[in-house]
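The values are calculated or read from the model by the stated rules, or taken from the named source; none is laboratory data. Since this is a predicted model, take the numbers as computed values, not measurements. Backbone-built Cβ (ideal geometry, glycine too); neighbour counts: all protein chains shown. With ligands, DNA and RNA removed, areas are computed over all heavy atoms of the protein, side chains included. Shrake-Rupley method; radii C 1.70, N 1.55, O 1.52, S 1.80 Å.
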Number of protein chains: 2
Amino acid sequence: MSFYAMVVLLALGFGAANAADSSSPKPPAMAEVIANSKSGDWRPIDPENTLYMDLATGRIVIELAPTFAPQHVANVKALAREHYFDGLAILRVQDNYVAQWGDPNGEKPEAARKIKNARKTLPPEFDRSIDSKMPFSRLPDGDVYAPEVGFVEGLPVARDPKSGKMWLVHCYGMVGAGRDSAPERGGGTEIYVVIGHAPRHLDRNVTLFGRVVKGMELLSALPRGTGPLGFYEKPEQRVPIKTVRVAADLPPTERTALEVMRTDTKTFGQLIESRRNRREEWFQLQAGRIEIGNVPIPVLAATPQK
Amino acid sequence: MSFYAMVVLLALGFGAANAADSSSPKPPAMAEVIANSKSGDWRPIDPENTLYMDLATGRIVIELAPTFAPQHVANVKALAREHYFDGLAILRVQDNYVAQWGDPNGEKPEAARKIKNARKTLPPEFDRSIDSKMPFSRLPDGDVYAPEVGFVEGLPVARDPKSGKMWLVHCYGMVGAGRDSAPERGGGTEIYVVIGHAPRHLDRNVTLFGRVVKGMELLSALPRGTGPLGFYEKPEQRVPIKTVRVAADLPPTERTALEVMRTDTKTFGQLIESRRNRREEWFQLQAGRIEIGNVPIPVLAATPQK
């Protein structure tokens, strides 16, 4: 990573990594994998495929997933482009589950935020066909919920070779479109993010369309709502949304430059192994296995070198 | 539950349960399992086996696990009884990982809080022998990390029949004794709680000794620390601990009356099934499996009937 000065946004976890020792035959710890990575191991996130949600406390960056939810991605971008979310609020924070935002007046037809060009609801995009040409970095460690799990384009994915389907899975930081009981009653006007243990029972029950790549702590550390399902009971408890924008619509100087580790590389395989069997001095026992929810997808703040 | 008026502390998750229909042959949803439970399905928590950590924002209740970590439980109670923790602070909150508390001056011998009767460090209690007489409610759904998982005495447990060992696992809300790199360098003066996706790679690397049964949101919603490992960088960011007490040492009127669902009952089996295959109207697809981190252990606030 010679051309960028980078700051690791990813938390490293318990214990410091051992100093890199290039003569050592043992696999590298995560800090070494990142330190030894090449520029080709990273990809910038595409501004046309990125949402910024700005709160008073800072910016949340969401990378969108058009490969998995093209209609929802298009619609959420259309909503952002008509400034649908500006001035709406985070309405619900349920401990160990989700934070959710949308229109506080969504249930009151006369007071609800008007939609100009976007669609109010969409058919569900719960899964899609497996495309065998699409790189799939499979985790051989197994999974309780799905026949296969792994990574596609920087996202946690499950696959079922029998049905020929694949789908995004509800790991920490994944973003989806809330819906009513009828499956076609979502579309991106109500959005939730996973802030707790992966609620995998939601997989294929609701459309995931992106992942928070920066700013999770602005959502995960919000006060929990005390109403049913974690809804805030008093209007003044809600957290106002200043703006939601497509990154490409901002001048480059106002964008947040990020690079995400590619998940179709040997380096990402090394990263998984570094988390499967922790080599840091603190660890007494190596797990030998890793569950998809514990695989980090590193994100770096990229600052062009002067 | 005729003799108690009860308030469910457990979040119910997406969607409301269907109204109970006793003529329906389908298995009950979680709300029905709880509504139909009998008093024998619940147990009060033992005040001698319960810690209260009082912050300015409220009380955190920790049920201790002497079956799995007898020395750590005894030592943490001894520390509480000599008021070791009073005036110390939450020092570290790492997003999607742990919150940790202890002595801000722990590294400065002259300024560190003195220990009177308790022990500063203890041998690890990472696992223990399986006792075949101890009820083990095994989850047949599988697990990525361990040969067997299930519940013992209201706690999430893994077992390895080959080695004859069992151990507590790092699910959300589990409480452990932080340690330095040497495994005997813990003992309960530094305590952490899991606030994110179950970090199962910590299993058998660190001694778990209890579970938060009330007040998790007072820890999980704290601001994340911005230093390495989520440590707060400025002293004023630390969250002061008013007191930590053994519940039995408080007069009964000052205790928090709680009942925990027993995990060795048919009712708990029904509860697991209600979460494995969600019958609430909102769900389109039933997962058919459940991972141990997604099994709730319900806790009720028990108010004696007048």
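The label-point distance for residue B:182 and residue B:243, in a model that sets each label 7 Å from Cα toward Cβ, rounds to 3.5 nm. Contact order, relative form, for the range B:24-97: 15 percent (alpha carbon pairs under 8 Å, 6 or more residues apart, mean separation divided by residue count). Evaluated at 10 °C with a viscosity of 1.306 mPa s, what Stokes-Einstein diffusion coefficient in µm²/s does the range B:223-268 have when Rh comes from the Kirkwood expression over alpha-carbon pairs? D, rounded to a whole number, is 106 µm²/s.
Using only side-chain charges placed at the Cβ, +1 for Lys and Arg and -1 for Asp and Glu, the dipole size of the protein assembly as shown relative to its Cα centre rounds to 60 debye.
Looking at the range A:27-111, the GluC sites (Glu not before Pro) that sit in a DSSP loop and have at most 11 other Cβ atoms within 10 Å of their own Cβ are A:107, A:110.
Counting pairs of alpha carbon atoms under 8 Å apart in space and at least six apart in sequence, what relative contact order in percent does the range B:104-162 give? Once normalised by length, the contact order is 20 percent.
The mean sequence separation of alpha-carbon pairs under 8 Å and at least six residues apart, normalised by the residue count of chain A, gives a relative contact order of 31 percent. For chain B, the longest principal axis of the Cα atoms and the long axis of helix B:266-276 meet at an angle of about 90 degrees.
In a reduced charge model with +1 at each Lys and Arg Cβ and -1 at each Asp and Glu Cβ, the range B:97-153 shows a dipole moment near 500 debye about its Cα centre.
Axis angle, to the nearest 10 degrees, between helix B:70-81 and the longest C-alpha principal axis of chain B: 60 degrees.
Shown here for the range A:168-242: GluC sites (Glu not before Pro) in loop regions (DSSP other than H, G, I, E, B) with at most 13 other Cβ atoms within 10 Å, namely A:184, A:233. Mean per-residue shielding of peptide A:211-217 is 2, counting Cβ atoms of other chains within 10 Å of each Cβ. When chains B and A come together, the accessible area they lose, probed at 1.4 Å and totalled over both chains, is close to 4500 Å².
About its Cα centre, the dipole of the range A:38-115 is roughly 80 debye, where the only charges are +1 on Lys and Arg Cβ and -1 on Asp and Glu Cβ.
When B:253, B:265, B:57 are compared by accessible surface with a 1.4 Å probe, the order from highest to lowest is B:253, B:57, B:265. For the protein assembly as shown, the per residue solvent-accessible surface stands at 42 Å², with DNA, RNA and ligands left out and a 1.4 Å probe.
Above 31 Å lies some portion of the pair distances; for the protein assembly as shown, what is it as a whole percent of all C-alpha pairs? Roughly 51 percent, once rounded to a whole number. Computed from the C-alpha gyration tensor, the three semi-axes of the ellipsoid equivalent to the range A:183-245 are 20, 16, 15 Å, from longest to shortest.
Ascending distances from the residue A:227 label point to its copies in the other chains, with the point 7 Å along the Cα-to-beta-carbon line: 3.9 nm.
Computed with a 1.4 Å probe on the full set of protein chains, the accessible area for residue A:272 sits at about 10 Å². Here residue A:254 yields copy-to-copy label distances, from shortest upward, of 5.5 nm, the label point defined as 7 Å from Cα along Cα to C-beta. Summary for residue A:108: label point 7 Å along Cα→Cβ; distances to the equivalent points in the other copies, ascending, 5.4 nm.
Ordered from longest to shortest, the equivalent ellipsoid semi-axes for the range A:21-160 are 36, 20, 16 Å, each the square root of 5 times a Cα gyration tensor eigenvalue. Averaging the Cα positions of each part gives two centres, and for the range B:123-188 and the range A:276-303 these lie 21 Å apart. Its alpha carbons considered, the range B:96-192 gives a radius of gyration followed by a Dmax of 16.6, 53 Å.
Accessible surface for residue A:261 stands near 0 Å², nearest 10, in the context of the full protein assembly shown (1.4 Å probe). Here is the list for the range A:23-94: trypsin sites (Lys or Arg not before Pro) lying in DSSP coil, each with at most 12 other C-beta atoms within 10 angstrom of its C-beta, are A:38.
Counting only other chain Cβ atoms within 10 Å of each residue's Cβ, the peptide A:197-210 averages 5. For chain B, the Kirkwood hydrodynamic radius from C-alpha pairs, put into Stokes-Einstein at 20 °C and a viscosity of 1.002 mPa s, yields a diffusion coefficient of 105 µm² per second.
Only helices enter the 222 nm calculation for chain A: every DSSP H run of n ≥ 4 contributes -39,500 (n - 2.57), and dividing by all residues gives -3000 deg cm²/dmol, rounded to 500. Counting only the Cα atoms, the range A:174-286 fills a convex hull of 213 Å³ per residue. When A:220, A:137 are compared by accessible surface with a 1.4 Å probe, the order from highest to lowest is A:137, A:220. Peptide B:97-104 has a mean of 1 when you count, residue by residue, the C-beta atoms of other protein chains within 10 Å of its C-beta.
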